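Participant: One structure coming up, written as structure tokens, with questions to follow.
The values are calculated or read from the model by the stated rules, or taken from the named source; none is laboratory data. Just so it is clear, the structure is predicted and the values come from calculations on it, not from any experiment. In this analysis, Cβ positions are derived from the backbone assuming ideal geometry, glycine residues included, and neighbour counts consider all displayed protein chains. In case anyone asks, the SASA skips ligands and DNA or RNA and just uses the protein heavy atoms, side chains included. Shrake-Rupley method; radii C 1.70, N 1.55, O 1.52, S 1.80 Å.
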Amino acid sequence: MADELDDDLKDLDPAEKEKLKKLLEKDSKSFRTPDGFWKWVVALLGAAMVLFYFYSAGLKAVATQYHRGVYVFATYVLVFLLYPAGKTRIRVILGLILGAIISCSAAILFFSESATAFHNRLLSFGDAWNEHGLAAIGQLGSLWWLVLASVAIAALLLPADTFSMKRWPQIPAPSDILFAIASGLVVYYWISEFEALNYRAGAETDLDAMISIAGILISLEVCRRVLGWSMTLIGVGMLCYGYFGPHFPEIIAHRGFGIERLATSLYLTTNGVFGVMASVLATYVILFIFFGAFLQKSGAGKFFIDLPLALAGRSTGGPAKVAVIASAIFGSVSGSAIANTVSTGAFTIPLMKRAGFRPHVAGAIEPSASIGGMFLPPVMGAGGFLMAELTETSYATIMMISVFPALLYFFSVFCMIHFEAKKMGIKGLVDEEFPHWKKVLLKDGYFALPLIIITVLMIMGRSPGFSAFWATISCIVISWFRAETRMGIKEIWEAIQVGARNTLVIGATLGVIGVIVGVISLTGIGLKFSDIIISLAGGNLLMALFLVALASLVLGMGVPVTAAYLITAVLAVPPLGDLGVPILAAHMIVYWLSQDSNITPPVCVAAYAGAAIAGSDPWKTGWTAFKYAKLLYVMPVLFAFTPSILFQAKPIDVRMTAIDGDVPFATVVKVNVKEGDEFIKGDLIAKVMVGDEIIDVMANRDGNVSHVLVQGGGLVNAGDPIVTGEVRATKTKVISSFVSAILGTIAFSATTMLFWIRRTTLPEWLMLAAATILLYWPTVVTDTIGLIVVAIVWYLQKTKNKRDLANAAVA
């Protein structure tokens, strides 16, 4: 466990601190802290990675193979040096794999005429095995010594590892060192052969194939060491799906691919291990992780707590509102809901308990607020950068459309806290001494400069990497404004080390994610999955959203949320697009739903972290966190049905009407619109001949023509689109969506917390629920009716309050 976690939790009870550490190790395994020679090897490699990417981001760009390859190289080597292999039975299997890699390498280098000759011998045995089964063992011939050498190496490594782990538990074991060397070599092969591999794509050599198989095995092991078996087994399952394709049910079956075809496609090309995930991590994410480490080291963490405390500490339910504001500020740069929960929760959760919040409520509010940091620019975890890459949209645009939904999420948690505090009679911090917020801003406001710099640079059109580079430099500069926060050589070195270590958890996913995404692309399952979703949903968008949410929750139980987003996006965005959701809105839907495993039982690691700090029941805390974070499931519905909240146009089609059963098709006589034209409901779009009859195809709503799909003389069937169009997100529509979302969120918060100005009765609750639906739909009529209904509930409750006061006065 990292030293900085100990600093965050220094005031926590030792038993609870240990419980929290064990819980966090379920999210990512604990690593060694080497000393002596290996300490410097790890430190120098981590520092070299940090400095290399700062150089490439701020000074001079590097070629693709170095840009992606250096990160994969450093990550794989550091993982093997820092993360132990695990139990003995695992080390036996790993010893055999390592023995096979070493034996094969020795055979190619010293005992075979060429790699091709050795490869041919392996293929001959493989053919014999397919034909004769176990009887083929007798035909091993000269390969017997390869098997014996592999077993011998494994037999030597097991006692050597055991002795090393007992004698020097913080030092890499011999097999770890050999795995680190092997991983470095296979990645170096990709870097050095990158241009040649592009030229011989589809005609890879025998050596390419063998290196690829070793690379895939090593990628799986890197993931297992850091993240455990769940995600690793998903990767193995996808490999099995790629190989045994013809044996699966017909709906998802494919022709199947050989081991070498799979390995070369997933390892050597940029569609697998070195694909989109490696690109996004190396281009954007790790630089923002480095930035976060430097920002924390600069002393800004205290400001992130002091300002919210000054702003909201004395208000109703003050400590909980402090948690929301602090989580918004810290979460906007941390990129991790769990790190956010632990860092801010170590201060805010005890404060909430002291103010009167029940332990499970205090432990739930912090993670509920913390996941909002994954939606708030400038960082948004890694998902925002992935979204920009997948949609080929600038990250500045992603930031712009994300701000309002993120703030609305924090607003919803804020409202729910307010209603909960009112219901429970919890006041603010009246006995605490803390300065006015203006004094905090005047004294420490300069700590916000790095966030301002990074945001302004990206809005100006500079790349996220370049922006992160200069924002990181500014962290060092602002630390010198005060003697106690100055970052010297020692502090800069520590920030570099923390930043390098913090990249390993997400970096360990890139190999398996590359495998998963690569197999999806290779087999075409993505297109079939789209048909499955649409079929199960029966063409109903709301049902499709439910299915995507369910898939995301199940997937999130086993993989990190960023991986869950990427995998679900590859599979679920196309069917949502087919159901009329704009692509950016579809990605935002998937991204929001991918966060649900952080606070939705049974997994909800962020909520369990909050429970550990609060000393509350994890299961109860998890369900309470779900209660406060329910807007997580509401926003995707708004994205789907009112995309103007994301400044997105809503796609519409003008389709051919029903055709009489005796006529096989219709002929388009004339199309009355062209691309760019506006049309309103009832306008004549096209004239179509059905048999001997001319019928008119009319627009059923207002819009703008995007594409004319069928020209005069073309043939159409019933339901075929003739014209595709869109309902543009005008300023009026955007503002209307914003206003409706804010009003709907207030009503939604009151509905879910069973409180408006007093506890709601069942009829009042039903009225608020109806008002919530009306207010969320962005029209003047629905908003007006919704406000009237809310006002009626307010009046009824106000009358009851007056009556209760009058009765109390009489008594």
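Participant: From the list K17, K29, K10, K60, pick out the single residue that is modelled with pLDDT of 85 or more and charged (D, E, K, R).
Facilitator: Within the list K17, K29, K10, K60, the selection yields K60.
Participant: Looking for something free of Cβ contacts under 8 Å to residues at least 24 places away in the same chain and of a type outside the set (A, V, I, L, M, F, W, C) - is there at least one such residue anywhere in the stretch 717-729?
Facilitator: Checked against the condition, which is being free of Cβ contacts under 8 Å to residues at least 24 places away in the same chain and of a type outside the set (A, V, I, L, M, F, W, C), the stretch 717-729 yields no hits at all.
Participant: Separate question: Note down all Cβ pairs under 9 Å where the first residue falls in the stretch 673-685 and is on the phi > 0 side of the Ramachandran plot, the second is open to solvent by less than 50 Å² (accessible area, probe 1.4 Å), and they're at least six residues apart or on different chains.
Facilitator: Filtered contacts from the stretch 673-685: G676/N704; G676/V705; G676/S706; G682/A699.
Participant: Condition first: open to solvent by 80 Å² or more (accessible area, probe 1.4 Å), aromatic (F, W, Y) and part of a helix (DSSP H, G or I). Can you find one or more residues in the stretch 789-808 that meet it?
Facilitator: yes
Participant: Counting only residues that are open to solvent by less than 60 Å² (accessible area, probe 1.4 Å) and not small (G, A, S), which one in the stretch 706-725 is nearest to P643 (Cα to Cα)?
Facilitator: Result: T724.
Participant: Could you tell me how many of the residues in the stretch 477-525 are within 16 Å of L287 (Cα to Cα), open to solvent by less than 10 Å² (accessible area, probe 1.4 Å) and in contact with a Gly (Cβ under 7 Å, 6 or more places away or on another chain)?
Facilitator: 1
Participant: Right, another one. Closer than 25 Å to S114 by Cβ and modelled with pLDDT of 90 or more - does that describe any residue in the stretch 218-230?
Facilitator: Within the stretch 218-230, one or more residues are closer than 25 Å to S114 by Cβ and modelled with pLDDT of 90 or more.
Participant: Looking at (1) modelled with pLDDT of 90 or more; (2) among the hydroxyl-bearing types (S, T, Y); (3) open to solvent by less than 50 Å² (accessible area, probe 1.4 Å), which is the only condition S112 fails?
Facilitator: (1)
Participant: Another question, then. Among the residues of the stretch 86-101, which ones are touching a residue at least 60 places away in the same chain (Cβ under 8 Å) and either open to solvent by 10 Å² or more (accessible area, probe 1.4 Å) or of a type in the set (D, E) (or both)?
Facilitator: If the condition is that a residue be touching a residue at least 60 places away in the same chain (Cβ under 8 Å) and either open to solvent by 10 Å² or more (accessible area, probe 1.4 Å) or of a type in the set (D, E) (or both), then G86, T88, R91, V92, L94, I97, I101 are the ones that fit.
Participant: Would you mind finding the one in I398, I453, I459 that is open to solvent by less than 60 Å² (accessible area, probe 1.4 Å) and either under 30 Å from A625 (Cα atoms) or in contact (Cβ under 8 Å) with a residue 24 or more places away in the chain (or both)?
Facilitator: That would be I398, the only listed residue that is open to solvent by less than 60 Å² (accessible area, probe 1.4 Å) and either under 30 Å from A625 (Cα atoms) or in contact (Cβ under 8 Å) with a residue 24 or more places away in the chain (or both).
Participant: Among the residues that make up the stretch 187-204, is at least one of them closer than 18 Å to G99 by Cβ and at pLDDT below 95?
Facilitator: No, because not a single residue in the stretch 187-204 is closer than 18 Å to G99 by Cβ and at pLDDT below 95.
Participant: I'd like to check which helices (runs of 4 or more DSSP H) are fully inside the stretch 261-325 and have at least 2 residues that are charged (D, E, K, R).
Facilitator: 300-312
Participant: For the stretch 699-729, what are the residues that are of a type in the set (D, E) and part of a strand (DSSP E or B)?
Facilitator: Selection gives E726 alone.
Participant: Based on what the data block shows, is Y66 free of Cβ contacts under 8 Å to residues at least 40 places away in the same chain, surrounded by fewer than 17 Cβ atoms within 10 Å (Cβ to Cβ) and among the aromatic types (F, W, Y)?
Facilitator: In short, no.
Participant: Could you give every pair whose Cβ atoms fall below 8 Å, whose first residue belongs to the stretch 224-249 and is on the phi < 0 side of the Ramachandran plot, and whose second residue is of a type in the set (K, R) and outside any helix (DSSP H, G or I), counting only separations of at least 6 or pairs across chains?
Facilitator: R225/K29; V226/K29; L227/K29; G245/R255; P246/R255
Participant: How many residues are in contact (Cβ under 8 Å) with a residue 40 or more places away in the chain and either at positive phi or not in a helix (DSSP H, G or I) (or both) if we restrict to the stretch 373-393?
Facilitator: Residues that pass the stated criteria total 9.
Participant: What residue, of F330, F404, is in a helix (DSSP H, G or I), of a type in the set (A, V, I, L, M, F, W, C), farther than 30 Å from S644 by Cβ and open to solvent by 10 Å² or more (accessible area, probe 1.4 Å)?
Facilitator: From the options F330, F404, the qualifying one is F330.
Participant: Go through the stretch 691-702 and report how many residues are modelled with pLDDT under 85 and open to solvent by less than 30 Å² (accessible area, probe 1.4 Å).
Facilitator: Of the residues in that region, 0 qualify.
Participant: Kindly provide the set of residues from the stretch 749-768 that are open to solvent by less than 30 Å² (accessible area, probe 1.4 Å) and either farther than 9 Å from V793 by Cβ or in contact with a strand residue (DSSP E or B) (Cβ under 7 Å, 6 or more places away or on another chain) (or both), ordered by number.
Facilitator: S749, T751, M753, F755, listed by residue number.
Participant: Another question, then. Over 30 Å from T283 (Cα atoms), without any contact (Cβ under 8 Å) to a residue 12 or more places away in the chain, in contact with a Phe, Trp or Tyr (Cβ under 8 Å, 6 or more places away or on another chain) and surrounded by 14 or more Cβ atoms within 10 Å (Cβ to Cβ) - does that describe any residue in the stretch 121-133?
Facilitator: Within the stretch 121-133, none of the residues are over 30 Å from T283 (Cα atoms), without any contact (Cβ under 8 Å) to a residue 12 or more places away in the chain, in contact with a Phe, Trp or Tyr (Cβ under 8 Å, 6 or more places away or on another chain) and surrounded by 14 or more Cβ atoms within 10 Å (Cβ to Cβ).
Participant: Would you kindly identify the helices (runs of 4 or more DSSP H) lying entirely within the stretch 511-612 that contain at least 1 residues that are at pLDDT below 85?
Facilitator: Fully inside the stretch 511-612 and qualifying: 525-537, 541-556, 561-578.
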